[in-house]
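The values are calculated or read from the model by the stated rules, or taken from the named source; none is laboratory data. The structure displayed is predicted, hence computed values, not measured ones. Counting neighbours? That spans all protein chains shown, and the Cβs are built from the backbone with ideal geometry, glycine included.
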Amino acid sequence: MDRRTVILTFGASLAGASHLVRSMAAAAGTKSVNLPASSSSSSAFFTGSIAYQDPAGGTVSPPNYESVHLMTDERIASIGWTGIHRTEHSNAIYAFNPDTGAVDLLAPWEQYVSAQDLQPKIPPVREGGYNKHCSTYDNHPSAYFAATNTLVWFGHCVFDVTGQKYIRGNRPPQTSNWQTYATGHNAMWSTYNPAYAQCPALNVVAFYGSSHGGYGTPNTGIVVWRKTGPESAPWQATVTNLAGQGMLPITTARNNAACLGTKMYVGGGSVGPPVAVSDSVFTKAGHGYHDEFEFSLFPNTGQEGVPQGMTVGRTYYVRDATPNTFRITDSRGGKAIKVAEKSGSLGIAQNYRMWAIDLNDLTVELVSTEWGLGVSQYYPQLLADTLRNRLVLIGKTVSEFNPATKVWNAIPVKDWPSDGFKSVGGAHVARYDKVFFRGTRRSGPAEPTCWQWNSIAFAGGKAATPPQPPRKPVSRTGEKQVDDWT
């Protein structure tokens, strides 16, 4: 299949588009080591299970929507790891420490008995308690602000890493909300799972769009947070819609951005409105597609359920487009092909794209019509390797993007699992020339792999921390994991 084409999904495959994405961490300002300024890594090494992060409260839900942030001390912080849409889950804050290979607890999960009874509830529980400091919700974005060394969970709280304490929150004993600390875009909390990047060259944090179902920010809007306010409310936002420069919505955006220099790179694809097929005519009011719009079938769909006349892996083009209907052809500008009626509906995704947004003036450049090597990546993580001035995408496979040549290449990784990872969250630590990350294996049970920290050492990277045996998670009766957004 041509990697530059779009995806088209049928039936149950559309459910995958509604899964939410965990957040991603872009590179922050770190110490560097002297390595060749190469855009390609000739060798890399995977080491699994170098540390285990205890799921607070014995939760069995994989932290699919957890936000992960590279801090200035080169620890990687985790905040907001519920995995289910609830307000009283763990708000504990952890940090993986690459120097020790351990996971540090920055703030424990604490609860009161209830909103009326502010006595400690020990131990805290996922159903029945009342969180101290701040509530939780997995879809709401968070950010690390390097200039103030604070973690902000929009809609919930602000945590001072230096003082190791909450300084804002929507629950007692906090008396001021996050909106008194980060101002200018109160709807940030409802911008579900946007693409997120820390940009140390400009000392800003940027978000693009929102994942499927988010509504607080235009789905082609960029939110840039800058430290321009007073000490009491230092961070202020500006919101700009980039649709006029050709940017498209991204259905699953949350881990799809990273900064190199003054540019934020963001990419992915998006599923458009379902369309019906009858007598070779595709119908959807206001579909928005145009003649020669290019698409293909989603490679994991299989031939089952595909309308007669279409084939998995073949590229198709729109023709005879009207505001509400269109036909298709299998060659650009070719004759319309016959397609049998399909019961139900199907969804067409926009072409895969990656853009570079200059955060100085918000000008946009389309830099690639690909998104990694193959569209079968499942919620991969885009991150910045500042030593080589490249972007690295980690998912089923590991690939790199060279901004100078605008080409994607595979990164061979020794001992990389054949099925790879999904829902990846981590960062490249320049001093070690390693990526430290967590993720769920694409096959097999989510537990305990989703709680294990792993590493990818590039050429010149320091020796890996010895693997630790996985710990068995604690099961809790009656709990059910919810992985998709409803």
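Observations on the structure shown:
- No other residue among Arg171, Arg86 is in contact with a Cys (Cβ under 7 Å, 6 or more places away or on another chain), farther than 27 Å from Cys199 by Cβ and assigned by TED's automatic domain parsing to the domain that holds Phe207 apart from Arg171.
- Scanning segment 90-139 for residues that are part of a strand (DSSP E or B) and over 17 Å from Phe159 (Cα atoms) gives Asn97, Ala102, Val103, Tyr112, Pro120, Tyr130.
Table: residues versus (1) in contact with a Cys (Cβ under 8 Å, 6 or more places away or on another chain); (2) modelled with pLDDT of 95 or more.
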site	(1), (2)
Ser190	no, no
Pro200	yes, no
Val205	yes, yes
Ser210	no, no
Asn219	no, no
Pro234	no, yes
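- Considering residues of segment 112-147 that are in contact with a His (Cβ under 9 Å, 6 or more places away or on another chain) and of a type in the set (D, E, K, R) only, the residue surrounded by the most Cβ atoms within 10 Å (Cβ to Cβ): Asp138
- Put simply, of Ser176, Ser114, Ser142, Ser135 the only residue that is among the small types (Gly, Ala, Ser) and closer than 23 Å to Asn203 by Cβ is Ser142.
- Qualifying residues in segment 231-253 (those that are in contact with a helix residue (DSSP H, G or I) (Cβ under 8 Å, 6 or more places away or on another chain) and among the hydroxyl-bearing types (Ser, Thr, Tyr)) - the one farthest from Tyr208 (Cα to Cα): Ser232
- Residue in segment 146-163 that is closer than 20 Å to Ile76 by Cβ, in the same structural domain as Asn219 (by TED's automatic domain parsing) and over 26 Å from the mean Cα position of the chain (by Cα) present: yes
- Set Thr252, Thr262: member being within 24 Å of the chain's Cα centre (by Cα), at pLDDT below 85 and in the same structural domain as Leu391 (by TED's automatic domain parsing): Thr252
- Filter result (at pLDDT below 95, part of a loop (DSSP other than H, G, I, E, B) and over 15 Å from Ala257 (Cα atoms)) within segment 349-376: Gln350, Asn351, Thr369, Leu373, Gly374, Val375, Ser376
- Of all the numbered requirements in (1) at pLDDT 90 or above; (2) in a loop (DSSP other than H, G, I, E, B); (3) touching a strand residue (DSSP E or B) at 6+ places or on another chain (Cβ under 9 Å), Asn300 misses one, and that requirement is (1).
- Among the residues of segment 385-419, just one is within 23 Å of Thr251 (Cβ to Cβ), of a type in the set (Gly, Ala, Ser) and either assigned to a strand (DSSP E or B) or touching a helix residue (DSSP H, G or I) at 6+ places or on another chain (Cβ under 9 Å) (or both), namely Ser399.
- For segment 148-162, taking the residues that are at pLDDT 95 or above and part of a loop (DSSP other than H, G, I, E, B), the one that is surrounded by the fewest Cβ atoms within 10 Å (Cβ to Cβ) is identified as Thr162.
- Filter result (without any contact (Cβ under 8 Å) to a residue 24 or more places away in the chain and surrounded by 18 or more Cβ atoms within 10 Å (Cβ to Cβ)) within segment 181-225: Gly221
- Looking across segment 393-419, just one residue is without any contact (Cβ under 8 Å) to a residue 24 or more places away in the chain and of a type outside the set (A, V, I, L, M), and that is Ser418.
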